[in-house]
Amino acid sequence: MTEGNIPVRKWQELFRAGAFHKDGYRAPYQAGWDDFYDPLNNKGLQNLSKLVMSITHPFVLDNYHVYFLHHTPAIGPMFGCVYFDLLADERSKKSFRVSLDSPHERKKWVLETRRYGDDGPEFECGDIRRMSRYINNMAHELEQDIQPAFIAEKEAVSLYAGICGEPRGLYIYREGDHRYSYTSFLDGRQRMVIAAASLEDAPPGFVPEQARSVRGIYVYCPEDAGIPLPGLAPQSADKPQKRKEHQR
């Protein structure tokens, strides 16, 4: 953990000044690199540090601190993560972390957030620029306490999967606007699920007559179409709801 939990803005200033690259015992603690052996020559750690340097939104710069952890999984190669916690409340739902080259994930860069939950990444991509852009855009939502539509949609998909007999903690992936996927524990097959608060917002491929309503969200899974589910009768699509805010 960084020494004294300094704000990200101060961390960036010290990084630019070369304070973290000096020999000695204190520098890795200042940087939050002390979990890594030979941090200056660890390529993954230095790439995670470049991500921190790319953050520009004032809310993150002035209200968060960062620290880095080195993970050694039982299966697969080692990988690193950078954690962003609020200076005032480390348990806040506004905390998030980014992992790089995890053998457990689908993409090179993976963002996990408290608001999305532990059962899947909020965002994943293959390059640092896209990850940096997403975090800087997300920072505005965190500052203004804006809850994007996909949070409620993902929760509805998780509840739908539970009604279908899946266990809690099922990993739910975002596959684009209103689209989600999970791999069933019951039969090992992948399920593609479309979720939308309004039928007007539903993307191509959505069949309103076969959608189910879960906590006010229309949920449609092509693989389960026509299969009776307890407490989830298909919903009428006669009265579309008001259009909601477009998702990122």
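The values are calculated or read from the model by the stated rules, or taken from the named source; none is laboratory data. Remember, predicted model here, so these are calculated numbers, not experimental data. Reconstructed Cβ throughout: ideal geometry from the backbone, glycine too, with neighbour counts over all protein chains shown. Note: accessible area is taken over every heavy atom of the protein model, side chains too, but ligands, DNA and RNA are not part of it. Shrake-Rupley method; radii C 1.70, N 1.55, O 1.52, S 1.80 Å.
Take the Cα atoms of the range 1-67, find their three principal axes, and give me the spread along each one in whole Å, biggest first.
31, 23, 20
Could you tell me whether the range 109-151 comes out rounded, prolate or oblate from its Cα gyration tensor? Rule is a ≥ b ≥ c as square roots of the eigenvalues, rounded for a/c under 1.5, then prolate if a/b exceeds b/c, otherwise oblate.
Working: a/c = 2.44, a/b = 1.22, b/c = 2.00.
Oblate, because a/c is 1.5 or more while a/b does not exceed b/c.
Given a Förster distance of 45 angstrom, what is the FRET efficiency for SER181 paired with ARG26, based on the Cβ-Cβ distance and rounded to 0.05? Kindly include the intermediate steps, with their values, before the conclusion.
Numbers: r = 46 Å, r/R0 = 1.02.
Computed FRET efficiency for SER181 and ARG26 comes out at 0.45.
Roughly what angle does helix 43-53 make with the longest principal axis of the chain, taking Cα atoms, 0 to 90 degrees, to the nearest 10?
Value to nearest ten degrees: 80.
Could you check the simple spin-label distance between ARG9 and ARG189, using points 7 Å along Cα→Cβ, in nm with one decimal?
Here the answer is 5.4 nm between the modelled labels.
Taking 0.36 nm per residue of sequence separation and subtracting the Cα-Cα distance, how much length would be gained by fully extending the chain between ALA225 and ASP38, in nm to one decimal?
Working: separation 187, 0.36 × 187 = 67.32 nm, distance 5.40 nm.
Fully extending the segment from ALA225 to ASP38 adds 61.9 nm.
When only the heavy atoms of the protein chains count and the probe is 1.4 Å, how do MET53, MET78, MET131 rank by accessible area, highest first? All intermediate terms of the calculation are to be shown ahead of the outcome.
Numbers: MET53 45, MET78 115, MET131 0 Å².
So the residues, ranked largest to smallest area, are MET78, MET53, MET131.
If you take the alpha carbon radius of gyration of the chain and divide it by 2.2 N^0.38 Å, what ratio comes out, to two decimals? Walk me through the intermediate numbers first.
On the way: Rg = 20.7 Å, N = 248, 2.2 N^0.38 = 17.9 Å.
In units of the globular-protein estimate, the chain measures up at 1.16.
I'd like the orientation of helix 149-163 relative to the chain: the angle between its Cα long axis and the longest Cα principal axis, in ° from 0 to 90, rounded to 10.
60 degrees
Computing the accessible area with a 1.4 Å probe over protein heavy atoms, can you report the carbon and sulfur percentage for the range 65-212?
Here it works out to 50 percent.
Name the residue from VAL66, VAL8, TRP33 whose Cα lies farthest towards the positive end of the charge dipole of the chain, charges +1 on Cβ of Lys and Arg and -1 on Cβ of Asp and Glu.
VAL8
Using Cα atoms only, what is the angle between the long axis of helix 128-144 and the major principal axis of the chain, expressed in degrees (0 to 90) to the nearest 10?
80 degrees
Would you please state which residues of the range 69-106 a label at ALA19 would reach in this model, taking the label point 7 Å out along Cα→Cβ and a backbone N cut-off of under 20 Å?
In the range 69-106, the label zone of ALA19 (backbone N under 20 Å from the point 7 Å along Cα→Cβ) covers 69, 83-88.
Measuring with a 1.4 Å probe in the full set of protein chains, what accessible area per residue, in whole Å², belongs to the range 92-149? Intermediate results must be reported in sequence, preceding the final value.
Working: 2680 Å² over 58 residues.
Per-residue value: 46 Å².
For a protection proxy built on the mean count of beta-carbon atoms within 10 angstrom, sort 149-162, 60-73 highest first, please.
On the way: 149-162: 21.0, 60-73: 18.4.
Peptide ranking by packing, descending: 149-162, 60-73.
From the helices alone, meaning DSSP H stretches of at least four residues, give me the mean residue ellipticity at 222 nm for the chain, per-run term -39500 (n - 2.57), in deg cm²/dmol to the nearest 500.
Details: 6 runs with 64 residues, N = 248.
That calculation yields -7500 deg cm²/dmol at 222 nm.
Could you tell me the distance between the Cα centroids of the range 103-154 and the range 3-79, to the nearest Å?
If we compute the Cα centre of each part, the gap is 20 Å.
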